[in-house]
Amino acid sequence: MAKFQKHIFVCTNQRPEGNPRGCCSPTGGGELQIEFKAKLKARGIPNGRVRANKAGCLDQCEVGPTVVVYPDAIWYGHVTAADVDEIIDSHILGGKPVERLLIPDTVLNNTQERNK
């Protein structure tokens, strides 16, 4: 079996309601990851080429729900089900990341930004 060309990791971490860091999957159902899988399948993209996985905490809770695409290391924040088609069409199939959803480098993994 060939290697995956792209891996889409969708944070499904839960935190209690009202947590100051926020929560990527408030219902715990992984709906966003399920949406990615369904949309990839609907486009006929084989599971062996692009994989949409549930991920534990990606430590970007303040800008969640968070999605990261590898090997590109492209981080998306505030992703909703309404954004899935655009991410697949523009980035996964077209190679062009969706600029409006990118987590800025100044925020990504920046604990000082979190503690403000």
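With the structure loaded, tell me whether Glu17 is out of contact with any Cys (no Cβ under 6 Å at 6 or more places or on another chain), charged (D, E, K, R), touching a residue at least 40 places away in the same chain (Cβ under 8 Å) and not in a strand (DSSP E or B) or whether it fails that test. Break it down stepwise before answering.
Details: out of contact with any Cys (no Cβ under 6 Å at 6 or more places or on another chain): yes; charged (D, E, K, R): yes; touching a residue at least 40 places away in the same chain (Cβ under 8 Å): no; not in a strand (DSSP E or B): yes.
Judged against the criteria, Glu17 is not a match.
Consider Asn47 against the criteria (1) at pLDDT 95 or above; (2) in contact with a Leu (Cβ under 8 Å, 6 or more places away or on another chain): it satisfies all of them except one. Which criterion is unmet?
(1)
Scan the range 96-111 and tell me whether some residue there is crowded, with 18+ Cβ neighbours inside 10 Å and in contact with a Lys or Arg (Cβ under 9 Å, 6 or more places away or on another chain).
No, the range 96-111 contains no residue that is crowded, with 18+ Cβ neighbours inside 10 Å and in contact with a Lys or Arg (Cβ under 9 Å, 6 or more places away or on another chain).
Looking at the structure I just gave you, is His78 touching a residue at least 40 places away in the same chain (Cβ under 8 Å), of a type outside the set (S, T, N, Q) and surrounded by fewer than 19 Cβ atoms within 10 Å (Cβ to Cβ)? Break it down into steps so the answer makes sense when it comes.
Working: touching a residue at least 40 places away in the same chain (Cβ under 8 Å): no; of a type outside the set (S, T, N, Q): yes; surrounded by fewer than 19 Cβ atoms within 10 Å (Cβ to Cβ): yes.
When the stated conditions are applied, His78 does not pass them.
Within the range 1-37, track down each residue that is small (Gly, Ala, Ser) and at pLDDT 80 or above. Steps first, please.
Quick first cut of the range 1-37, residues small (Gly, Ala, Ser) only: 2, 18, 22, 25, 28-30.
Hits for the range 1-37 are Gly18, Gly30.
Looking at Ile34, Ile8, can you tell me which residue is surrounded by fewer than 21 Cβ atoms within 10 Å (Cβ to Cβ) and not basic (Lys, Arg)? Give the derivation first.
Numbers: Ile8 fails: surrounded by fewer than 21 Cβ atoms within 10 Å (Cβ to Cβ).
Unique residue meeting the criteria: Ile34.
The values are calculated or read from the model by the stated rules, or taken from the named source; none is laboratory data. As the structure is a computational prediction, the values presented were derived from the model and not from experiment. Cβ: placed from backbone, ideal geometry, glycine included. Neighbour counts: every protein chain shown.
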